[in-house]
Amino acid sequence: AQSVTQLDSQVPVFEEAPVELRCNYSSSVSVYLFWYVQYPNQGLQLLLKYLSGSTLVESINGFEAEFNKSQTSFHLRKPSVHISDTAEYFCAVSDIYGNKLVFGAGTILRVKS
Amino acid sequence: KAGVTQTPRYLIKTRGQQVTLSCSPISGHRSVSWYQQTPGQGLQFLFEYFSETQRNKGNFPGRFSGRQFSNSRSEMNVSTLELGDSALYLCASRSSSYEQYFGPGTRLTVT
């Protein structure tokens, strides 16, 4: 079975500052890792994924995450945030067969001007 | 391609009633999963269907059921509704590269 821990429930940050949202996972088998973003009253949007290969993965809107197997982490980072990045971010894990996603509790990113 | 669609978007039901939610996956996707999102429990997996067969099931009571049709559209049913069933129900369709794409959800309120 897998589990995911998102270490911060809320992260306030000023616009144009860097941010890191932390995610640790636990699993007895190899996993795929994902970050999703949820805006108010909407579904989840896939931000980025790690399946295999390069441990650093990037999204089209400037976010990146690094898979660290030894630390069982998949932290999400952005060097400069915008007001529009305000949302809730979920880290998720699945086994390598792509079966059910197990989600963390979510981190609310609040970007202040 | 059109995204995942879910109907209805909002529902208000009374305790004891039953409800059916519908999900149409992205064209070509054969796997559909359902998740429940609540403030207290977060996002929890309900079940997954692939080619009309339930392939995985989460830890929910038997009041929660689902099915998938030959065109990959899926429905989930909740019988004998309880107040605690109030939640956002999300459907996701999975690509061949293991990405799950979510619909906008159905907001169910049980009174």
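The values are calculated or read from the model by the stated rules, or taken from the named source; none is laboratory data. Since the structure is predicted, the reported quantities are computational estimates derived from the model, not experimental observations. Cβ sites come from the backbone with ideal geometry, for glycine too, and all protein chains shown count toward neighbours. Areas reflect the complete protein model, heavy atoms only, side chains present, ligands, DNA and RNA absent. Shrake-Rupley method; radii C 1.70, N 1.55, O 1.52, S 1.80 Å.
Per residue in region A:34-73, which ones lose no less than 50 Å² of accessible surface when going from chain alone to all protein chains (1.4 Å probe)?
A:L44
Roughly to the nearest percent, how much of the accessible area of chain A is carbon and sulfur, given a 1.4 Å probe?
Ligands and nucleic acids excluded, carbon and sulfur reach 49 percent.
Just the number, please: Stokes-Einstein D of region A:25-93 in µm²/s, Kirkwood Rh from C-alpha pairs, 25 °C, 0.890 mPa s.
This corresponds to a translational diffusion coefficient of 192 µm²/s.
Longer than 27 Å from Cα to Cα, which of A:K78/A:K112; A:K78/B:K57; A:K69/A:K100; A:K49/B:K57 are they? Say none if no pair is.
Checking Cα-Cα distances, A:K78/B:K57 exceed 27 Å.
Which residues of region B:90-111 show a drop of at least 30 Å² in accessible area when all protein chains are present, compared with their chain alone (probe radius 1.4 Å, heavy atoms only, ligands and nucleic acids excluded)?
Residues shielded by partner chains are B:R94, B:Y98, B:E99, B:Q100, B:F102.
Quick one: what are the phi-derived ³J(HN,Hα) couplings along region A:37-45, Karplus 6.51/-1.76/1.60 with θ = phi - 60°, whole Hz, x for glycine and proline?
Karplus-based 3J(HN,Hα) across region A:37-45 equals 10, 10, 8, x, 6, 10, x, 8, 10 Hz.
Could you tell me what percent of the accessible area of chain B is made up of carbon and sulfur, with a 1.4 Å probe and every protein chain present?
Roughly 47 percent of what the probe reaches on chain B is carbon or sulfur.
Show me you know the interface measure: the accessible area buried between A and B, both chains summed, probe 1.4 Å, in Å² to the nearest 100.
1600 Å²
Provide a list, ordered by number, of residues in region B:32-64 showing at least 20 Å² less accessible area with every protein chain present than when their chain is taken on its own, using a 1.4 Å probe.
Hits at the 20 Å² cut-off: B:Y35, B:Q37, B:L43, B:F45, B:N56.
Pull out the extension gain between B:S79 and B:S27, defined as 0.36 nm times the separation in residues minus the alpha carbon to alpha carbon distance; nm, one decimal. Mind dumping the intermediate values first?
Working: separation 52, 0.36 × 52 = 18.72 nm, distance 2.92 nm.
The span from B:S79 to B:S27 would gain 15.8 nm if fully extended.
Mean separation of Cα pairs under 8 Å and 6+ residues apart, divided by the residue count of chain A: what relative contact order is that in percent?
Reported as a whole number, the value is 38 percent.
Which FRET efficiency value, to the nearest 0.05, is calculated for A:S70 and A:Y97 with the Förster distance at 22 angstrom and r the Cβ-Cβ distance?
About 0.40, to the nearest 0.05.
Could you state the number of Å between the C-alpha centres of region A:48-113 and region B:21-81?
Each part reduced to its Cα centre gives a spacing of 24 Å.
Keeping every protein chain present and rolling a 1.4 Å probe, give me the accessible area per residue for region B:1-83 in Å².
Values: 4420 Å² over 83 residues.
Accessible area per residue, region B:1-83: 53 Å².
In region B:1-52, if every C-alpha pair distance is counted and binned at 5 Å from zero, what percent goes to each bin?
4, 14, 20, 25, 22, 10, 4, 1
For the pair A:S80 and B:T5, what calculated FRET efficiency results from E = 1/(1 + (r/R0)^6), where r is the Cβ-Cβ distance and R0 = 30 Å, to the nearest 0.05?
Working: r = 35 Å, r/R0 = 1.15.
For B:T5 and A:S80, the calculated efficiency is 0.30.
Over chain B, what lengths in whole Å, largest first, do the semi-axes of the equivalent ellipsoid take, defined as the square roots of 5 times the eigenvalues of the alpha-carbon gyration tensor?
23, 14, 13
Say we join alpha carbon atoms closer than 10 Å with springs in a Gaussian network model of chain A; which of A:F74, A:F14, A:F90 then has the biggest fluctuation?
Answer for the Gaussian network model of chain A: A:F14.
How many Å³ per residue does the convex hull of the Cα positions in the protein assembly as shown occupy?
123 Å³
Compute the accessible area per residue over chain A, keeping the other protein chains in place, probe 1.4 Å, unit Å². Please list the in-between numbers first.
On the way: 5500 Å² over 113 residues.
On a per-residue basis, chain A sits at 49 Å².
How large is the accessible surface of A:V31 in square angstrom, using a 1.4 angstrom probe and rounding to the nearest 10?
10 Å²
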